[in-house]
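Okay, so here's the structure we're looking at.
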Amino acid sequence: MDKNTHLGQIAVIEAQIKDLTKERDAMRIEAVAQGYATWTVTIRMGAPSLSWWKENRPTVWQKYAKQSTVKKFTVA
């Protein structure tokens, strides 16, 4: 397989993935609207080297912790 063929196939696959992702997202929105599924939102706490902070500076690790929201698609 030559360079152009290989890169061309990669481009085709990436385009397919992009189209399918759009279709999936639209179908998820429709499923939630119809009541077939829900979005489950959770909050995660992340901190740099949490084990180190808890071991060495347990009172200040929360100062550096950051919350992030995760939206997960779940089938009802």
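The values are calculated or read from the model by the stated rules, or taken from the named source; none is laboratory data. Every value quoted in this text rests on a predicted model; they were computed, and no experiment measured them. Here the Cβ is made from the backbone with ideal geometry for all residues, glycine too, and neighbour counts use every protein chain on show.
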Give region 33-76 a look and list any residue that's touching a strand residue (DSSP E or B) at 6+ places or on another chain (Cβ under 8 Å) and without any contact (Cβ under 8 Å) to a residue 24 or more places away in the chain, or say none.
MET45, GLY46, ALA47, ALA65, LYS66
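To keep it simple, each residue is scored yes or no on (1) surrounded by 10 or more Cβ atoms within 10 Å (Cβ to Cβ); (2) in a helix (DSSP H, G or I); (3) hydroxyl-bearing (Ser, Thr, Tyr).
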residue	(1), (2), (3)
MET1	no, no, no
GLU14	yes, yes, no
LEU20	yes, yes, no
ILE43	no, no, no
PHE73	yes, no, no
Only one of these conditions is not met by ALA33: (1) at pLDDT 90 or above; (2) among the small types (Gly, Ala, Ser); (3) not in a helix (DSSP H, G or I). Which number is it?
(3)
Only residues that are surrounded by fewer than 10 Cβ atoms within 10 Å (Cβ to Cβ) and farther than 15 Å from VAL75 by Cβ: list them for region 24-41, please.
VAL41
